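J.: Please see the structure below; I have some questions.
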Amino acid sequence: MDRKVIETSLKIIIIGDGGTGKTSLVNQFVHKKFSSIYKTTIGVDITTYETSVKNTAKTIRFVIWDMSGQTHFKKFRTHFYTGSSGAIVVYDLTNALSYRNISSWIKECHNSSNKAIPIIIVGNKADLDELQILHTKPPVQEYPTVITSAKNNWNVEKAFFSLFETIVGQILVKKEEQLAETTHVSFE
């Protein structure tokens, strides 16, 4: 029996306003399924995804926390950020308010996770061309933005793997820095 050896588990959070398609993105990415039936996430849904990421042959388990976007879950949601390695902040291309709320989601993420983590912004529902509100620039300049369609599975993998590769890259750099510090030899 061929079993994968999981080298590490990393927590990813998916955040954004309710109805932006966070759960649809996760379901499309992990299960290759899309449902047009909308069900509000209550609290958090947790899914795992195992893969080897570019720059390493090791298998990594990403634990994806799909967090509720409804405002009445905010006081509970802040506890779910602890231990996060990265975040995907989702907005709906047909909903201007969800676009404007991106900054507050990023602020909540930084305040609740107590550390700077890689963030990717995802504009979802690109399949709804006729309803899209045109945005000429990314919502927050310092974070990469990927436009997706969970329904058509367009750029969904790109969004997740961009984040995964950024996280793994940071981990490898930290390990190299730690190795360099521990192997320093002084000839004084």
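J.: Within 17 Å of the chain's Cα centre (by Cα) and modelled with pLDDT of 95 or more: is that true of Ile60 in this structure?
T.: It is false that Ile60 is within 17 Å of the chain's Cα centre (by Cα) and modelled with pLDDT of 95 or more.
J.: Further, regarding this structure: Any idea which of (1) more than 18 Å from Gly19 (Cβ to Cβ); (2) of a type outside the set (A, V, I, L, M, F, W, C); (3) surrounded by fewer than 22 Cβ atoms within 10 Å (Cβ to Cβ) is the one Ser85 doesn't satisfy?
T.: With (1) more than 18 Å from Gly19 (Cβ to Cβ); (2) of a type outside the set (A, V, I, L, M, F, W, C); (3) surrounded by fewer than 22 Cβ atoms within 10 Å (Cβ to Cβ) applied to Ser85, the lone miss is (3).
J.: What residue, of Phe160, Phe164, is within 14 Å of the chain's Cα centre (by Cα) and at pLDDT 95 or above?
T.: Phe160
J.: In addition: If you go through segment 88-107 one residue at a time, how many are surrounded by fewer than 21 Cβ atoms within 10 Å (Cβ to Cβ), in contact with a helix residue (DSSP H, G or I) (Cβ under 7 Å, 6 or more places away or on another chain) and touching a residue at least 60 places away in the same chain (Cβ under 8 Å)?
T.: Number of matching residues: 0.
J.: Among what's in segment 63-82 and is modelled with pLDDT of 70 or more and surrounded by 18 or more Cβ atoms within 10 Å (Cβ to Cβ), pick the residue that is nearest to Gly16 (Cα to Cα).
T.: Taking the candidates together, the pick is Gly69.
J.: Separate question: In segment 112-135, how many residues are without any contact (Cβ under 8 Å) to a residue 12 or more places away in the chain and more than 29 Å from Ser36 (Cβ to Cβ)?
T.: 2
J.: Let me ask something additional. Please determine whether any residue of segment 19-38 is touching a Lys or Arg at 6+ places or on another chain (Cβ under 8 Å), part of a strand (DSSP E or B), at pLDDT below 95 and closer than 30 Å to Ala96 by Cα.
T.: no
The values are calculated or read from the model by the stated rules, or taken from the named source; none is laboratory data. In this text the structure is predicted, and so the values were computed from the model without any measurement. Cβ coordinates were reconstructed from backbone atoms using ideal geometry, including for glycine residues, and neighbour counts include every protein chain displayed.
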